[in-house]
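Let me begin by presenting the structure, written as structure tokens, before commenting on it.
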Ligand SMILES: Nc1ncnc2c1ncn2[C@@H]1O[C@H](COP(=O)(O)OP(=O)(O)OP(=O)(O)O)[C@@H](O)[C@H]1O
Ligand SMILES: [Mg+2]
């Protein structure tokens, strides 16, 4: 199946001379939820804004559902919905007016039933006659989503959809995103909440300083880069690691009460059985042990700092 | 779908949105200009006009009506045209316009169309108000409407350009206040330039507004400072210049896209 969005050698240098994107190549698969991660200023919004037609790329091509976004902007943009990072609302408009406006703006014939369904889905129906300025921030964010969905897009960009949103609404949004995906909508989102990406995404891309440094299936990524840690809670505290255990590069933690061993969960030989055997052999007693697997967050942090370290 | 298809839903959405905004702010968009005009009549028409009697064979109060309408058309068209596009830029909702499947031509048609519609309605309202104060004759109604429509469109388009160019509210108000209003006052809204001393008359002829007002007044009373063809050509010329500038703006994304 051809990709629903295909980004080919896209770069962006702003008028200020700042290179926000180095050549980016990325294919988004139809029907997936793709999470774009990266620190502040990495270029996530720039990339999304280019795809949506808000920022002009310096070079490269982008195809949305087979249409080049600059040459064939009409069919391309008709397919795309965008919830921008910043909350920008026309404060004097009502919820209903602004949502029907968006639908019309995107070239769709009026459809009251459809707009009603979206507003109900987003729990905005009761507020439909209210001016946007009377809504809370979370509600405004939902209005932005309603606007983005009003023209029935098949590709949806969510630029930090859950920034400043409470836990309950976040859950609601996740549910909504899944529902959309189940209806065949492809979703590209950015987030600073790694747990969100971990929870939602099928695939993850990491962008840092304008460079796409990694694109991977979420599961593979966690597996591939996943480090596991084995912690042994000692019976007697230690002051230093016995030389017999030097091969395992252990760390002494909790004031000498714990030994920590970091290993690659996917490796052929993890070194765990031999370590445990050796410890028993040399007579170190432990009363408990547990293992933890690194989260996406740890992976992300190590990826980004590694890169930053390398280029600095 | 190709670039030639006209996206009527999009254009209609913007047009309707803009008209709805005008209705919501009806005091600002309609009542204020009508009241200002009435004040002009009291001051210029009644107070000064009683001493001036006639200009080019037309009672002074009636003589100033076309100029007054033009003055309002200029300022209100510019205001409406600029505000319509400046406001989304200012609050950030422009992202939606830029990401919509709409061509530049359609954006211009929608915004300028709405701004011009408002001006035309306003012009007719002022005309009606004026007719309550002074007798009005319209010798060439079709030309009157033509000038009304063309001027509204041209200045709305000019306002649209201003709205894209402006980076703050001061800039938005600067051009109308510092250039358009003075040129209009000096351009014979309240007098015929034939009343000026010869040197000033020559200088006045460099004022483009003279040509715009002159044709409009001719459609009322059949008298004019310059030929009506010249008036028409001047208005059309300004319209085309604005069109070219808008074309350039959209081609380069000037102050719209980074
Ligand atoms: N209009 C602009 N003009 C000049 N530079 C810009 C512009 N917009 C963004 N930048 C710069 O481009 C870089 C990338 O910005 P971008 O907004 O894409 O980052 P981001 O990954 O979305 O960050 P965040 O997580 O903070 O939203 C930043 O250095 C930013 O300062
Ligand atoms: Mg961003």
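Here are some notes:
- Each 10 Å bin from zero holds the following percent of Cα-Cα pairs in segment B:91-148: 18, 34, 21, 17, 10, 0.
- R0 of 60 Å, Cβ-Cβ distance residue A:262-residue A:117: FRET efficiency to nearest 0.05: 0.75
- Put a dot 7 Å past the Cα of residue B:165, heading toward its Cβ, do the same for residue A:109, and the two dots end up 4.2 nm apart.
- Antiparallel DSSP beta bridges within chain A, percent to nearest 5: 70
- Of the residues A:86, B:18, the one with the fewest other Cβ atoms within 10 Å heads the list, and the complete ranking is A:86, B:18.
- Rounded Å value of the spacing that divides the Cα centres of segment A:159-217 and segment A:124-142: 23
- Of the two radii for segment A:227-293, the radius of gyration is 0.93 times the Kirkwood radius, both from the alpha carbons; that is the Rg over Rh value.
- For chain B, the square roots a ≥ b ≥ c of the C-alpha gyration tensor eigenvalues yield an a/c of 1.5 or more together with a/b exceeding b/c, which makes the shape prolate.
- Shape of the protein assembly as shown, Cα gyration tensor, a/c cut at 1.5: prolate
- The distance between label points at residue B:24 and residue B:50 comes to 4.5 nm (points 7 Å beyond Cα on the Cα→Cβ vector).
- Approximating the spin labels as points 7 Å out from Cα along Cα→Cβ, the residue A:1-to-residue B:6 distance works out to 3.9 nm.
- In degrees, nearest ten, helix B:208-221 long axis to first principal axis of chain B (Cα): 60
- For chain A, the longest principal axis of the Cα atoms and the long axis of helix A:95-105 meet at an angle of about 80 degrees.
- Fewest-first ranking of A:92, B:41, B:220, using other Cβ atoms within 10 Å as the exposure measure: A:92, B:41, B:220
- Length gained on full extension, residue A:247 to residue A:9, computed as 0.36 nm times the residue gap minus the Cα-Cα distance: 81.2 nm.
- DSSP bridge analysis restricted to the protein assembly as shown gives an antiparallel fraction near 70%, rounded to the nearest 5.
- Neighbour counting of Cβ atoms within 10 Å sorts the residues A:96, B:165, B:218, fewest neighbours leading, into B:165, A:96, B:218.
- For segment B:85-207: relative contact order, % (alpha-carbon pairs under 8 angstrom, 6 or more apart): 29
- Computed E for residue A:128/residue A:171 - FRET, C-beta separation, R0 22 angstrom, nearest 0.05: 0.40
- Estimated at 0.36 nm per residue, the fully extended path between residue A:163 and residue A:276 surpasses their Cα-Cα distance by 36.2 nm.
- Restricting attention to segment A:157-312, close to 90% of DSSP beta bridges with both partner residues there are antiparallel.
- Rg to Rh quotient for chain A, alpha carbon positions, Kirkwood Rh: 1.10
- Choice from A:214, A:149, A:189 with maximal GNM fluctuation in chain A (Cα, 10 Å cutoff): A:214
- Acute angle (nearest 10 degrees) that the helix A:167-182 long axis makes with the longest principal axis of chain A, alpha-carbon atoms: 70
- A Förster radius of 41 Å, combined with the Cβ-Cβ distance separating residue A:22 from residue B:104, puts the computed FRET efficiency at roughly 0.85.
Where a number appears in this text, it was derived from the coordinates with a stated rule and is not lab data. Because the structure is predicted, anything quoted here is derived from the model rather than measured. When we count neighbours, we look across all protein chains shown, and the Cβ atoms used for this are built from the backbone with ideal geometry, even at glycine.
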